[in-house]
Amino acid sequence: MLLGTPTQPLSIQIGYRDVVRGLREIGLNQNSIVVVHSSLKSFGHVVGGAETVIGALLAVCGTIVMPAFTYQTMVTPEAGPANNGLSYGVAADNVEAEFWNPDLKIHKDIGVIPETFRHHPSAKRSDHPVMSCVAVGKYANEILASQKLEDPLTPFARVADHGGDVLMLGTSHATNTMIHVGEQRAGRKLFTRWALTSDSIVAVSWPGDSSGFNALVPHIQRIVKRGQIGTSTIQRIPADDLVKIIQTLIRKDPTALLCSATDCERCLDLRIRQKPDSNN
């Protein structure tokens with residue numbers, strides 16, 4: 001159905017059945033294990049909002065994992081490791097930092113669909129203070145239990161190892177956390193960051209910048225299954241294949257997928273780390 005007024009552009013109205021149909025058309029089913037990155041507004045007008053999308057995902061897929069990241073817990077110390085993709089002593093935001101707790105709201109940049117999913121009665125959440133995940137389904141407990149402070153990417157890696165998919169609902173690869181798994185397996189070391197917990201400030205591992213990840217598009221065309229739900233382009237990408245392609249790219253070119261911004265500290269320091277004479 002088209003919605004609109006004489007003074008407003010027409011928009012597409014999307015319902016539960018539309019979302020279910022779109023997910024099934026790209027081959028998802030009850031055996032599917034998916035990491036979901038999503039943008040609710042990409043669909044147009046969804047009747048029932050985020051809950052409709054989540055209901056459709058649960059009806060179609062067997063295990064669903066979403067990022068539940070809480071960047072608001074992060075603090076910056078006065079000093080720390082070299083080549084760490086971070087300017088130390090810039091602590092203006094420290095006073096705004098929040099203490100991690102399992103009920104902490106997901107950061108607004110992650111989106112309304114994951115935040116709504118977090119409240120689902122069957123949803124479980126890992127306890128990482130910055131990069132927690134929320135999951136429902138057969139493999140949810142195993143995937144979430146794998147996450148560690150020193151290796152926050154393991155839930156995503158588990159999805160790849162189980163033959164799962166990345167499901168992108170109207171988002172670009174700048175949101176695709178699975179790409180960091182490929183970087184890690186290609187030998188890129190994680191950075192260190194710090195987060196507030198109720199007990200102390202803890203050090204956690206932290207991936208690189210993702211703003212250059214859309215350069216991956218031409219390299220993965222053959223493995224991507226695309227569909228359309230309303231105004232949202234959706235993509236199903238086999239996670240293990242994706243990770244292997246990234247490994248190959250980085251081994252051929254150590255700077256692959258790094259952005260070219262002159263003020264991107266993470267990409268600049270990754271370039272330094274990858275020099276033959278670097279000790280990092």
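The table that follows gives values for the structure above.
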{"quantity": "Lys/Arg +1, Asp/Glu -1 at C-beta; the chain dipole; positive extreme among VAL224, GLY212, HIS107", "calculated": "VAL224"}
{"quantity": "Extension gain (nm, one decimal) between ALA174 and LYS275, 0.36 nm per residue minus Cα-Cα", "calculated": "33.8 nm"}
{"quantity": "Per residue solvent-accessible surface (Å²) - segment 159-280, probe of 1.4 Å", "calculated": "45 Å²"}
{"quantity": "Lysine pair number, Cα distance threshold 20 Å (strictly under), the chain, separation 8 or more or different chains", "calculated": "13"}
{"quantity": "Dipole axis of segment 193-280 (+1 Lys, Arg; -1 Asp, Glu on Cβ), positive-most option in LEU270, ALA203, LEU242", "calculated": "LEU242"}
{"quantity": "Debye, to nearest 20: dipole size of the chain, +1 on Lys, Arg Cβ, -1 on Asp, Glu Cβ", "calculated": "960 debye"}
{"quantity": "Net dipole in debye of segment 22-112 [+1 Lys, Arg Cβ; -1 Asp, Glu Cβ; about Cα centre; nearest 20]", "calculated": "360 debye"}
{"quantity": "Whole-Hz ³J(HN,Hα) from phi, Karplus 6.51 cos²θ - 1.76 cosθ + 1.60, for segment 164-169, glycine and proline x", "calculated": "x, 10, 8, 10, 9, 9"}
{"quantity": "Entry for Rg and Dmax of the Cα atoms in Å (calculated from the structure that is shown) out of (i) 19.3, 65; (ii) 20.7, 71; (iii) 17.4, 53", "calculated": "(i)"}
{"quantity": "Net +/- balance of residues flanking LEU270 in space, Cβ distance below 11 Å, scoring K and R +1, D and E -1", "calculated": "+2"}
{"quantity": "Most positive-pole-ward Cα, GLY170, PHE191, THR154, against dipole of segment 145-198 from beta carbon charges", "calculated": "PHE191"}
{"quantity": "Qualifying chymotrypsin sites (Phe, Trp or Tyr not before Pro) for segment 40-97 [loop in DSSP, other Cβ within 10 Å: at most 14]", "calculated": "TYR88"}
{"quantity": "Sites LYS244 and ASN214 - FRET efficiency at Förster radius 22 Å, r taken between beta-carbons, to 0.05", "calculated": "0.70"}
{"quantity": "Computed FRET value (nearest 0.05) for ARG251 with ARG226, which takes r as the C-beta separation and R₀ as 25 Å", "calculated": "0.35"}
{"quantity": "Potential extension, GLU51-GLN30 segment - 0.36 nm per residue separation minus Cα distance", "calculated": "5.7 nm"}
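The values are calculated or read from the model by the stated rules, or taken from the named source; none is laboratory data. From a predicted model like this one, the values you see are computed outputs, not experimental measurements. For neighbour counting, all protein chains shown are included, and Cβ atoms are generated from backbone atoms with ideal geometry for every residue, glycine included. Keep in mind that these areas ignore ligands, DNA and RNA; they rest on the heavy atoms of the full protein, side chains included. Shrake-Rupley method; radii C 1.70, N 1.55, O 1.52, S 1.80 Å.
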